[in-house]
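The values are calculated or read from the model by the stated rules, or taken from the named source; none is laboratory data. This one's a predicted model, so the numbers in the text were calculated from it and none came from an experiment. All Cβ positions, even for glycine, are placed from backbone atoms using ideal geometry, and neighbour counts span all protein chains on display. The area values use the complete protein model at the heavy-atom level, side chains included, leaving out ligands, DNA and RNA. Shrake-Rupley method; radii C 1.70, N 1.55, O 1.52, S 1.80 Å.
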Amino acid sequence: MRLLIISDIHSNLEALEACLDAAPAYDLMVNLGDVVGYGASPNQTIARVRQLGRVHVRGNHDKACSGVTTVDGFNPIAAWAARWTYAALTPENRDWLRALPAGPLAVPGLTHVQFVHGSPLDEDDYLIGLTDALQALLGIPAPVTFFGHSHVQGGFSLHRERGSEIHPPIELGNGAGHGELRLQPRGHYLINPGSVGQPRDGDWRPGFALYDSGARTVHFHRVPYDVERAMKRIHEAALPERLATRLLLGR
Ligand code: ZN
């Protein structure tokens, strides 16, 4: 089975469309959460994501922007964007976000893989360093977990009792980039497809991944998009300027 895995779209419709245009053929789409928050196109983004499939994990912004949780713990800019999003959402889309399930989720027919937003141990935890990741890798039975939340493409592996960080071999640039990871038979993996709508790994290009369960490969992708248009929408919505400028930096 070939899975298109996307995460952290954050209401960036232009980035989402660029990823979908560039995505190779796939059987099923899995969304790891944070469809909304930060960007200026929440309703259009939800409409597009809903067309793509039924496997969606909720993210912390999905919860805060629909009233499942408050914005306590959000920084002032994130809280501003969450309040703006809540007001901008149609009642139907707000209800859709509210009903999203917490991870880990599984997909029928793929018993060795699970999908979460933050960490397999807690949906809101960040997996940033190898130490945190190893705790999660040792604490879960599923050999492969796809996660988002950190907006950093790559992840972590545990193989032959050795923990490692995964950095996709993709060079910085303004064109499309692609890198492959082959999963070892007895390895355990935490894999982040990257953020579609607000990358924070120093690369401004939206990221996504394609997982082929038969070939046991993960293909990481970066694609250019119309970032000026996404920034213009943020300006027009009078959202904080930083939410526009950070898109150029990938930070
Ligand atoms: Zn996010």
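Brief remarks on what is shown
- In degrees, nearest ten, helix 130-139 long axis to first principal axis of the chain (Cα): 70
- Each label point was placed 7 Å from the Cα along the Cα-to-Cβ direction; for ALA25 and ILE77 their separation is 4.2 nm.
- Against the chain, whose longest principal axis is taken from its Cα atoms, helix 42-52 shows a tilt of about 40°.
- GLU165 paired with THR70, simple spin-label distance in nm, labels 7 Å along Cα-to-beta-carbon: 3.6
- Each of SER150, PHE115, LEU134 was placed along the dipole of the chain (beta-carbon charges, centred on the mean Cα), and the one lying farthest toward the positive end is PHE115.
- Volume per residue for region 2-249 equals 112 cubic angstrom (convex hull of Cα atoms).
- Accessible area in square angstrom per residue, the chain, 1.4 angstrom probe: 43
- Exposure ranking of HIS235, HIS117 by accessible area [1.4 Å probe, largest first]: HIS235, HIS117
- Applying 0.36 nm per residue to the separation of LEU138 and LEU249 and subtracting their alpha-carbon distance, the gain on full extension is 36.5 nm.
- Helix 76-88 and the longest principal axis of the Cα set of the chain meet at an angle near 70°.
- Counting only protein heavy atoms and a probe of 1.4 Å, the accessible surface of region 2-249 is 52% carbon and sulfur.
- Efficiency of FRET from Cβ geometry, ARG229 and GLU92, R₀ 22 Å, rounded to 0.05: 0.30
- At R0 = 25 Å, FRET efficiency that the Cβ-Cβ distance of ALA176 and ARG48 yields, to 0.05: 0.75
- From phi via Karplus (6.51, -1.76, 1.60), per-residue ³J(HN,Hα) for region 107-115 in Hz, x at Gly/Pro: 10, x, x, 10, 6, 8, 10, 9, 10
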